[in-house]
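The values are calculated or read from the model by the stated rules, or taken from the named source; none is laboratory data. Just so you know, these numbers come straight off a predicted model, no measurement behind them. Neighbour counts run over all protein chains shown; Cβ positions are idealised from the backbone, glycine included.
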């Protein structure tokens, strides 16, 4: 019933109708609604209505539309660019569209999908800016609800601002270089002093601001966003991350970031993979730092896209230091870290009143030394321990924690590919945990969560580690 991979059956497009004949047929509310919608355009609207209802007739009298009070004839379609059949008579509407098709004129018959060569959208009008919302007929009311929300979000000044951009486009083409520099120009145009002046209806001041912007290139500077892509699920990407990805000229991403998230960037943005998957680094950290600096000095705006949160095991410190030293501006865009996603998959409270009031994030690598880290003592006192990239260090983690005094039967939750549809949930005790190292089928990022609070998780969809071990031995 629900197809997660469904594609659009209609392609959104905008017809050029300025000065062209648009034919509307009908007398009642349906024809009236189409006419009100088309009144947003500069098309030559011709209404064929032999007996329009009073409200419709009054509307037509008040507008500069051509009204033909005659019954339908096929020659009424001559010269039309679009045809709307809204007579209320299904057979007549079908005939009008059939006649239109014979003349290669796209037609639309109300409530007859088979006689609709195009669909009319819910429209947000900020001419020349237009936002069209369609549902392929599945939910016109939904489209209207969305239209109302978008209409409230968008300032009325967007129309005049877009007109100003239209006016200055030739000057920008002559004086502002193409590529990243021009994109930055338009970002400043639509988000800086020009926009502010237009919002205040100071149109002359706005024009002066545009001229200053064209001839003053001090704003041409590169910028870097260090962005957390989250644990992998596309819908866990933050709104801010989505926004800056649409502004970026270049997206520099790690191997662990799913392609579906990388593809959420601007369509024409350059995409550069820098690897950094465990055991397989296509670029060193120094090379990545140099790349970010080089791109920024070219005036480009770069998203450095990292799995999870950039400030948690994301090596953001080295990149921030390099950017500061190079006098490159940057911004941190937090992401949902994998520990939170793994806990959500297990419905696992990371803190629990009276049981666990502390939370520790670690990679476990510090347990490879002979010195017991301070957080191990916290584990014994009830803290919840989240071990990133935990499969390869599981034996060391379990051994040291048991030696420190943590009960060997402490519950452990293990999640591969947290938050993703292909995630794997496993549970065991601390004593059993070392066996996870032999489960080589777990080739995605693995999060290990240890502590008394883990016992409160939901294990309904989780597999005991012992069962996986038996399956591996049987194979």
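Is it the case that some residue within the range 361-374 is at pLDDT below 90, farther than 30 Å from residue 292 by Cβ, more than 34 Å from the chain's Cα centre (by Cα) and surrounded by 15 or more Cβ atoms within 10 Å (Cβ to Cβ)?
Narrowing the range 361-374 to residues at pLDDT below 90: 362-374.
From the residues that got through so far, the ones that are farther than 30 Å from residue 292 by Cβ too are 367-374.
Filter once more, keeping what is more than 34 Å from the chain's Cα centre (by Cα): 367-374.
Subset that is surrounded by 15 or more Cβ atoms within 10 Å (Cβ to Cβ): 367, 373.
Yes: one or more hits.
With the condition being surrounded by 15 or more Cβ atoms within 10 Å (Cβ to Cβ), I'd like the strands (runs of 3 or more DSSP E) fully within the range 1-97 carrying at least 3 qualifying residues.
Answer list for the range 1-97: 21-25, 44-48, 80-85.
Just the residues that are more than 27 Å from residue 386 (Cα to Cα) and either part of a helix (DSSP H, G or I) or not assigned by TED's automatic domain parsing to the domain that holds residue 228 (or both), please, taken from the range 294-320.
Of everything in the range 294-320, those that are more than 27 Å from residue 386 (Cα to Cα) and either part of a helix (DSSP H, G or I) or not assigned by TED's automatic domain parsing to the domain that holds residue 228 (or both) turn out to be 294, 295, 296, 297.
Can you tell which of 255, 233, 260, 162 is under 30 Å from residue 311 (Cβ atoms), in contact with a strand residue (DSSP E or B) (Cβ under 9 Å, 6 or more places away or on another chain) and in contact (Cβ under 8 Å) with a residue 24 or more places away in the chain?
The conditions single out 255.
So residue 119 ticks every box in (1) closer than 30 Å to residue 154 by Cα; (2) outside any strand (DSSP E or B); (3) in contact with a helix residue (DSSP H, G or I) (Cβ under 6 Å, 6 or more places away or on another chain) but one. Which box is left unticked?
Evaluating residue 119 over (1) closer than 30 Å to residue 154 by Cα; (2) outside any strand (DSSP E or B); (3) in contact with a helix residue (DSSP H, G or I) (Cβ under 6 Å, 6 or more places away or on another chain) leaves (3) as the failure.
Considering only the range 326-343, how many residues are out of contact with any helix residue (DSSP H, G or I) (no Cβ under 9 Å at 6 or more places or on another chain) and surrounded by fewer than 17 Cβ atoms within 10 Å (Cβ to Cβ)?
1
For residue 236, state whether it is over 25 Å from residue 221 (Cβ atoms), surrounded by fewer than 21 Cβ atoms within 10 Å (Cβ to Cβ) and touching a helix residue (DSSP H, G or I) at 6+ places or on another chain (Cβ under 8 Å).
Spelling it out, residue 236 is indeed over 25 Å from residue 221 (Cβ atoms), surrounded by fewer than 21 Cβ atoms within 10 Å (Cβ to Cβ) and touching a helix residue (DSSP H, G or I) at 6+ places or on another chain (Cβ under 8 Å).
If the requirement is being part of a loop (DSSP other than H, G, I, E, B) and surrounded by fewer than 16 Cβ atoms within 10 Å (Cβ to Cβ), which of these qualifies: 267, 243, 208?
Result: 267 is the single residue among 267, 243, 208 that is part of a loop (DSSP other than H, G, I, E, B) and surrounded by fewer than 16 Cβ atoms within 10 Å (Cβ to Cβ).
Please go through the range 445-475 and give me each residue that is farther than 27 Å from residue 404 by Cα and surrounded by fewer than 16 Cβ atoms within 10 Å (Cβ to Cβ), ordered by number.
Selection gives 458, 460, 461, 463, 467, 470, 471, 472, 473, 474, 475.
Yes/no matrix, rows are residues, columns are (1) assigned to a loop (DSSP other than H, G, I, E, B); (2) outside the structural domain of residue 110 (by TED's automatic domain parsing); (3) closer than 15 Å to residue 207 by Cα:
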site	(1), (2), (3)
125	no, yes, no
135	yes, yes, no
138	yes, yes, no
141	no, yes, no
146	no, yes, no
164	no, yes, yes
171	no, yes, yes
177	yes, yes, no
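Only one of 15, 32 is under 38 Å from the mean Cα position of the chain (by Cα) and at pLDDT below 95. Can you tell me which? Before the answer, list the steps.
Working: 32 fails: at pLDDT below 95.
From the options 15, 32, the qualifying one is 15.
In the range 245-268, how many are modelled with pLDDT of 90 or more and within 16 Å of residue 225 (Cα to Cα)?
Looking only at that region, the number is 11.
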